[in-house]
1. Specify the angular offset, from 0 to 90 degrees and rounded to the nearest 10, of the alpha carbon long axis of helix B:669-686 from the longest principal axis of the alpha carbons in chain B.
2. To the nearest Å, what is the center-to-center distance of the range B:714-781 and the range B:1-48, using C-alpha atoms only?
3. Out of the trypsin sites (Lys or Arg not before Pro) in the range B:431-494, which ones are loop residues according to DSSP with at most 15 other C-beta atoms within 10 Å?
4. Kindly report, to the nearest 10 Å², the accessible surface of residue B:610 as traced by a 1.4 Å probe over protein heavy atoms only.
5. Helix B:43-53 versus the longest principal axis of chain B: what is the Cα-based angle in degrees, 0 to 90, to the nearest 10?
6. Among B:145, B:125, B:421, which residue has its Cα furthest toward the positive end of the charge dipole of the protein assembly as shown, with +1 on Lys/Arg Cβ and -1 on Asp/Glu Cβ?
7. As a test question: what accessible area, to the nearest 10 Å², does residue B:32 have when a 1.4 Å probe is rolled over all protein chains in place?
8. Name the residue from B:288, B:384, B:322 whose Cα lies farthest towards the positive end of the charge dipole of the range B:285-403, charges +1 on Cβ of Lys and Arg and -1 on Cβ of Asp and Glu.
Amino acid sequence: MYQKKEDYQAWICDKCQQELELSKVKVHYLEGEFEVELLNCPTCHQVFVNESLALGKMLEVEQGLEDK
Amino acid sequence: MNLDKLLETGDRCIFLEPPTCTAHCPVHLEIIAFISEIEKGDFQKAYKLMEKKIPFHRIIGRICDHPCESFCVRQEAGGTISISELEKAVLEYGAAKPKKVWPVPKKKGKIAVVGSGLSGLTAAVDLDKKGYEIVLYEKSERLGGRLWEHVGESLQEETLLEELKQVKDKGIHIQFGQTIDEQRLSDLGAEYDAVYLGSGEWHQHLEIDPITFQVGQANLFAGGKLVTQSDSVIFSASSGRRAALSIERFLSKVSLTDSREREGVFETPLKQDVSATTALPRLEKRGAVYSREEAAAEAKRCIKCQCRKCIDGCNHLRKYDMSPYAYIRQINHSERIILGTHYANKMINSCTECGLCEEECFLDISMKDVIQETRESMVERNKMPVSAHDFALKDMAFSNSEQFSLVRRQPSKEASKDLFYYPLISFSDYVKGLYNGTGKTEFLFYPGCQLPASYPDDVKSIYEYLVGHMKGDVGIYLGCCGAPADWAGRQDLMGENIAAIKKVWEEMERPVFILACSSCIRIFEKYLPEIKIQSLWDIYIEKGLPNKNWIKTPQTLSIHDACATRENRELQENIRKIAESLGYTIDELSYSKEKTKCCGYGGLVYYANREQADGFVAERIEESPHDLLVYCTMCKDLFVSGGKRTYHILDLLYPKENEDGAVRKMPTFSERHQNRSRVKRLLRKEIWNEEVDEAAADDYELVIPETVQKEMENRYILLENIQAVLKNAESSRKRFYNPQNGDYLACLKIEHVTFWVQYAREAEKFLIRNVYSHRMEIVEE
């Protein structure tokens with residue numbers, strides 16, 4: 001799972017009016033726990049998940065975990 | 001789950017069983033493969049198949065007494081396939097030099113073979129190939145025995161000599177002029193590790209075991225005419241081969257009897273039904289042998305016997321290319337996995353559980369029962385993928401929530417007195433029904449969750465009809481019967497649901513439930529057998545149709561029976577009676593009534609594997625050029641979405657002016673919720689005169705382009721989800737902003753699913769740009 005900062009440079013955190021940065025974020029589903037680098041607001045840490053990530057790699061991992 | 005019982009069920013499936021011709025061939029030539037190659041014109045491959053299974057194929061292929069032909073099922077459809085003539089043609093056109101085989105060192109033992117007739121030669125060559133040293137004792141001065149009697153039109157002397165020479169060329173020791181008597185036989189038994197007796201005749205009676213070909217308990221084995229008691233060429237060769245197998249087992253000191261049931265001829269469980277096959281006569285050869293074209297034409301007549309009845313009727317089995325035998329093996333494997341990926345999950349959740357396979361199977365193998373048990377087992381062991389059924393179960397929860405759920409007795413006579421005036425009381429059956437109210441609920445109308453979702457405007461009309469026509473008070477009960485829980489293997493939720501329904505039934509003093517949905521009927525029969533039920537559609541036949549509107553122009557319809565009605569012939573017939581009484585002509589589909597197919601909604605396949613559901617729809621709507629008639633709202637909605645003109649029986653019973661019911665659009669998931677709530681509010685207001693709050697007014701005004709609406713349906717996202725995300729975003733400002741176009745992107749986790757909405761503001765309106773979701777949870781700092 002990964003995002004490229006350049007692809008999503010247009011988006012900023014509305015609450016903090018800050019540009020997003022890539023940093024390690026914890027995600028989990030069922031028994032799987034991962035640490036991935038995702039774009040998020042450096043101030044409030046709101047995580048940005050775009051469509052292709054959600055419906056692509058995330059979905060793939062979710063289904064893989066469901067079939068374990 | 002009892003996996004041994006599961007495997008037993010799978011083993012009953014005859015998909016892999018051989019056809020009767022191969023089963024009755026003493027050497028089990030792979031006849032279907034053989035004929036398929038001829039049909040393709042590949043005589044070389046067909047030749048190789050003969051070489052593989054038939055000893056001395058160049059001889060037997062020309063003189064075989066072909067017991068296979070008398071069993072060929074094509075005899076009931078024009079005439080048996082001329083397998084023996086096809087073999088002669090293959091020898092003519094497909095012959096190839098035999099592959100050079102390096103002789104195996106002869107170290108395993110010494111065997112004496114008495115008699116060089118066909119059985120003796122077969123035994124000798126087979127054992128020689130396996131590494132035994134063979135000494136052949138022949139009475140006369142030449143090999144072949146009675147094979148020489150077959151030299152003639154089919155078998156040339158030259159061919160016979162070539163084949164016999166090959167025996168010598170293998171290095172098998174041959175002693176001519178050797179007459180073996182009882183004493184010599186005994187000596188051979190002492191001198192050799194084993195003896196094969198294929199002399200054709202013996203002066204005393206020998207006790208030869210029919211399965212092992214052993215004589216007594218010694219190292220003596222017999223075959224050929226001594227065993228077959230006939231002149232059959234092929235049985236002679238086969239006996240030699242089988243006795244050789246016994247000798248090998250004997251010398252290897254392993255069981256002589258284990259697993260030999262199918263070594264000789266046997267009855268195959270595969271019974272091919274040829275009743276629907278057009279009779280075509282046998283092709284007669286015009287020359288000594290079939291020409292290539294004649295051979296291919298005769299080969300084409302072969303039915304290629306295989307039981308595909310369940311597969312032929314089921315889109316799911318075909319999509320996954322599974323016979324019940326293979327499917328059950330997959331499930332068995334999946335159930336036994338401790339550590340590893342359960343690849344079969346999606347497949348198991350793609351079966352509609354419609355029961356057609358069991359109906360078609362003459363052995364009554366029911367994948368429906370297997371799948372149901374498997375899903376329950378998966379849930380028990382915590383192995384059921386949550387995403388498969390989550391949305392459907394949430395939809396069920398909605399239907400059981402106060403947003404839809406409702407129980408009411410018929411409005412009392414006292415409460416209805418404002419309606420008891422002329423002319424209403426004379427002309428309205430409904431008002432008459434209220435007037436005759438007793439206060440004891442005899443009937444409870446239970447329309448289910450989907451009929452109110454798809455036909456919200458008809459629920460009131462139906463209820464009024466029932467009040468006006470049933471003898472006794474009619475109450476109403478809105479909710480979900482639990483079919484989604486049953487299909488999802490969730491016996492826990494099923495238990496709760498059933499308890500709730502039973503409670504209402506007891507509180508209402510055990511009325512008869514009037515059901516409109518055949519899936520509800522199936523659930524009630526399975527889980528609530530104590531509750532008496534009646535089908536709404538049977539009542540229309542019994543009490544008369546609400547509108548006597550005979551159609552003006554003749555129309556032919558094909559009826560798609562809901563798969564849940566498979567065993568309910570009475571209901572199926574009543575639907576036909578309703579249609580015919582309105583003037584429609586029925587053109588029956590081939591898979592109809594007890595052989596009906598599922599539309600794709602069954603088993604929650606519509607949610608677990610949309611592509612599979614689409615496959616069911618696409619296949620079904622191609623089966624008739626006429627408009628379809630259904631009596632389940634999900635069948636209707638799925639077929640209309642697939643582009644097929646489809647009427648629901650309600651479209652015929654309660655036609656709407658200026659509306660073509662056959663193209664009525666399917667409600668979205670969100671509209672289903674809204675319609676159900678609307679039905680509850682409408683009934684409460686207009687039947688029970690209750691004060692009702694209108695729909696929530698604090699929702700935002702959304703503008704959703706059609707493309708996004710389609711994504712909502714494909715991604716199982718509801719308007720209420722979007723509203724919740726927006727509310728949270730607007731109040732907390734926890735969202736992302738794109739200064740370039742003014743779009744916002746916000747999310748909200750609702751019951752383990754995180755929904756994302758991209759939107760823009762235009763005054764009071766929210767323009768929805770995109771929606772998506774995921775289940776993976778982000779750990780918030």
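1. With both axes taken from Cα atoms, the answer is about 40 degrees.
2. Cα centroid of the range B:714-781 versus Cα centroid of the range B:1-48: 58 Å apart.
3. Working: sites: B:432, B:440, B:460, B:471, B:490; in loops: B:440, B:471, B:490.
Answer in residue order: B:440, B:471.
4. For residue B:610, solvent-accessible area is about 50 Å².
5. 70
6. Going by the Cα projections, it comes out as B:145.
7. Around 40 Å² of this residue is reachable by solvent.
8. B:288
The values are calculated or read from the model by the stated rules, or taken from the named source; none is laboratory data. Computed from a predicted model, the values in this text were never measured in an experiment. Please note: Cβ atoms are built from the backbone with ideal geometry, for glycine as well, and neighbour counts cover all protein chains shown. Calculation scope for accessible area: heavy atoms of the full protein, side chains included, ligands and nucleic acids excluded. Shrake-Rupley method; radii C 1.70, N 1.55, O 1.52, S 1.80 Å.
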